[in-house]
Amino acid sequence: MEFRHLRCFTVLAEELHFGRAAQRLAMTQPPLTMAIQQLEASVGARLFLRNSRGVQLTEAGQAFVPSARALLEQAQAAALQARDIEQGLGGTLRIGFAGTMLYRGLPQILAAFHAGERRLRVVLRELSSSEQLVELTRGRLDLAFVHTTRVPPQVSQIRVSRQPFVVCLRASHPLATRKRLRLDELAGEPLALVSRQVSPDYHEQILAACAAAGFVPDTLHELQHWLSVVSLVAQGLGVALVPQALHQSAIAGAVFVPVDGEAPNYDTYCLWKADAGRPALEAFTQAVRRVAQGQD
């Protein structure tokens, strides 16, 4: 059974006339007759009756019509999907991201990519940087937005953004009305930050910045997400150094004050496997580059 046989069958089933069906199919009647005979031999049943009253579907032919149409539609859909994927217009992109990307670039990148117009399914997964590296290496992510430079050598990368850390305080804190703060003014305060396991780079950088300012925090509250850090501070349970973009989180009770002097920068990188060779992936990384250039 061939798809050309099914096409001939469905057109003849609609026209119930060999001449009109052959005309629609841009062929002559003898090849159409041969195609129907070959299809009937393949199916093992007569599909049409020809008599003085014209052409009629047999009971078997009537039963075969919906299945034949479904097979042709599936074949057409499969061909369209293959062409879309080849042109970067279809398929699935699995994207990992850390939570702060919601306030620093990810919505803009998705808008620049126009995923909806591409009929492309985009799946977002919020993961820590270390978790994303594992998933990317194992092929369960196509792209990762991470906050670490400790990446495998086989991946490509773009720096999406760089932003300073700022001091996060409860709105009622005595220092909350200041225009700028030195880090040493946080000495003696409980410090909230993401855990070393979640973000080893920035955990170490924050502690190093405190040490450079001349103090070691007495108490550390280690959390899994930056939003959790801001929420804890808003409840008056500590102070923190957080990426500047988190002021967009609008968590009630938290204020953000720039650092006076040296402070770490919070860098975001987009990673993907260099040998992926997928048009959709290449198109997405182009959107990342456009947004990254706009944030420099």
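Regarding region 240-259, can at least one residue be identified that is surrounded by 20 or more Cβ atoms within 10 Å (Cβ to Cβ), farther than 20 Å from VAL146 by Cα, touching a helix residue (DSSP H, G or I) at 6+ places or on another chain (Cβ under 6 Å) and of a type in the set (A, V, I, L, M)?
yes
Could you figure out which of (1) over 27 Å from GLN108 (Cα atoms); (2) touching a helix residue (DSSP H, G or I) at 6+ places or on another chain (Cβ under 8 Å) isn't true of GLN205?
(2)
I'd like the full set of residues that are in contact (Cβ under 8 Å) with a residue 12 or more places away in the chain and in a loop (DSSP other than H, G, I, E, B), limited to region 44-68.
Those that are in contact (Cβ under 8 Å) with a residue 12 or more places away in the chain and in a loop (DSSP other than H, G, I, E, B): ALA45, ARG46, LEU47, THR58.
Restricting to strands (runs of 3 or more DSSP E) lying wholly in region 129-218: which have 3 or more residues that are at pLDDT below 90? Please lay out each step first, then the result.
On the way: elements: 143-146, 155-170, 191-194.
Output list reads 155-170.
Considering only region 138-165, state which residues are surrounded by 13 or more Cβ atoms within 10 Å (Cβ to Cβ) and more than 23 Å from ASN265 (Cα to Cα).
LEU141, ASP142
From the list ALA254, ALA274, ALA250, ALA211, which residue is among the hydrophobic types (A, V, I, L, M, F, W, C), touching a residue at least 12 places away in the same chain (Cβ under 8 Å) and not assigned by TED's automatic domain parsing to the domain that holds THR148? Spell out how you get there, then give the answer.
On the way: ALA274 fails: not assigned by TED's automatic domain parsing to the domain that holds THR148; ALA250 fails: touching a residue at least 12 places away in the same chain (Cβ under 8 Å); ALA211 fails: touching a residue at least 12 places away in the same chain (Cβ under 8 Å).
The unique qualifying residue is ALA254.
Taking region 1-43, which residues are assigned to a loop (DSSP other than H, G, I, E, B), out of contact with any helix residue (DSSP H, G or I) (no Cβ under 6 Å at 6 or more places or on another chain) and among the hydrophobic types (A, V, I, L, M, F, W, C)?
Within region 1-43, LEU16, ALA26, MET27 qualify.
Within region 144-161, can you find the residues that are out of contact with any helix residue (DSSP H, G or I) (no Cβ under 8 Å at 6 or more places or on another chain) and either of a type in the set (Val, Ile, Thr) or in contact (Cβ under 8 Å) with a residue 24 or more places away in the chain (or both)?
Residues satisfying the conditions are GLN154, GLN157.
Considering each residue of region 111-128, count those that are part of a helix (DSSP H, G or I) and either in contact with a Gly (Cβ under 6 Å, 6 or more places away or on another chain) or surrounded by fewer than 21 Cβ atoms within 10 Å (Cβ to Cβ) (or both), and give that number.
Restricting attention to region 111-128, the residues satisfying the condition of being part of a helix (DSSP H, G or I) are 111-113.
Right, trim to either in contact with a Gly (Cβ under 6 Å, 6 or more places away or on another chain) or surrounded by fewer than 21 Cβ atoms within 10 Å (Cβ to Cβ) (or both) and you get 111-112.
Selection size over region 111-128: 2.
Take VAL229 and tell me if it is assigned to a helix (DSSP H, G or I), within 15 Å of ALA254 (Cα to Cα) and within 29 Å of the chain's Cα centre (by Cα). Walk me through it before giving the result.
Working: assigned to a helix (DSSP H, G or I): yes; within 15 Å of ALA254 (Cα to Cα): yes; within 29 Å of the chain's Cα centre (by Cα): yes.
So VAL229 fits the description; yes.
The values are calculated or read from the model by the stated rules, or taken from the named source; none is laboratory data. Nothing here was measured: the structure is a model prediction, and the numbers come from that model. FYI the Cβ positions are ideal-geometry reconstructions off the backbone, even for glycines, and counts take in every protein chain you see.
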